[in-house]
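Report on the following structure.
The values are calculated or read from the model by the stated rules, or taken from the named source; none is laboratory data. None of the values given here were measured: they were computed from a predicted structure. Cβ placement follows ideal geometry from the backbone for every residue including glycine, while neighbour counts extend to all protein chains displayed. Just the protein is used for accessible areas: all its heavy atoms, side chains included, with ligands, DNA and RNA removed. Shrake-Rupley method; radii C 1.70, N 1.55, O 1.52, S 1.80 Å.
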Amino acid sequence: MSDVNNGVPTNVPVCGVNIKNLKVAYGDKTIFDGLDVLFAENKISVLLGGSGVGKTTLLNAIAGLLPYEGSIDKDGDVSYIFQNDRLVPTISVYKNLDMILRGVYNSKTERKLRIYEMLYLLEISDLANKLPTTLSGGQAQRVAIARAYLYPSKILLLDEPFKALDTALKARLIKQLVKLNQMEKRTVIFVTHAIDECLLLADDYYVIGDSPVRITHSGSIEREQCDRNLSDKELSSVRDELLRELC
């Protein structure tokens, strides 16, 4: 007989990101103390909460960038899109992307094909030979998205990637992100403080708060992302729900 925990067999392969009894502390300050959450495989899970509540800390724990207690089981490698682009400023956009593919594809021709396909999808083919220091914030963030999706990871972490971008550019990038994830499904954990980003992207959403941090509210949106409009009745209802939870 298989082992069972809360009705779920414990000897089955991990699907998505399964966090159990997570504990994280900075000195005397405890951030997480026993957090349990499962982010579903091949879904976009959006994590909302106030500034400084612990959203980035959770992503960093999943990425293995900080020490923690408990367990974080995940079914593959991780790509991470940070708030800033973290591109190497002294080499071209193309070389930034080629650098992360060299350990994956030996063929230079294969790498070139994949890079230019991604640049085309994100409407930035003309930036291939430019230095990151010459790019606008929106351009640099699209390069960062290209880099994350080029690397063949199963899990994608995004930490407020559209922060400080204007509304029109943010809307375009959200559509591009949806398109990329439809083409190649990944387990996405997207951190934001913006409700509209959640409404347009989330399959599942989670609100975190309190100290130590816990999940204070969660839900799902059934409509396909490509068919969503912020004026939809279903999304308006979720917006009201999230406003109540976050205020």
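Across the protein chains, with a 1.4 Å probe defining accessible surface, the residues LYS185, LYS23, LYS233 rank LYS233, LYS185, LYS23 from largest area downward. Which of the lysines could be linked to LYS175 by a straight reach, that is with a Cα gap under 19 Å, when you skip same-chain ones fewer than 8 residues away? Answer for LYS175, where 19 Å is the Cα cut-off: LYS43, LYS163, LYS185, listed by chain and number.
Over segment 149-247, Cα pairs under 8 Å with separation of 6+ residues give a relative contact order of 25 percent. Net charge in the neighbourhood of LEU135 (other residues with Cβ under 12 Å of its Cβ; Lys, Arg +1, Asp, Glu -1) is 0.
Counting only protein heavy atoms and a probe of 1.4 Å, the accessible surface of segment 66-224 is 49% carbon and sulfur. Of all lysines in the structure, those lying under 16 Å Cα to Cα from LYS170, and not within fewer than 8 positions of it along the same chain, are LYS179.
Top mean-square fluctuation among VAL93, VAL104, VAL53, Gaussian network model of the chain, C-alpha springs under 10 Å? Comparing VAL93, VAL104, VAL53 in the GNM, the peak value goes to VAL104.
Using square roots of five times the C-alpha gyration tensor eigenvalues, list the equivalent-ellipsoid semi-axes of the chain in whole Å, biggest first.
Semi-axis lengths for the chain are 30, 22, 18 Å.
The alpha-carbon positions of segment 113-247 define a convex hull whose volume is 131 Å³ per residue.
Treating each Cα of segment 60-123 as one equal point scatterer and applying the Debye formula with no solvent, the log10 of I(q)/I(0) at q = 0.22, 0.23 Å⁻¹ comes out as -1.05, -1.09. Annotation: the antiparallel percentage among DSSP beta bridges lying fully within the chain is about 50.
Per residue, how much accessible area does the chain show when a 1.4 Å probe rolls over the protein heavy atoms, in square angstrom? List each step's numbers first, then the result.
On the way: 12630 Å² over 247 residues.
Dividing the accessible area of the chain by its residue count gives 51 Å².
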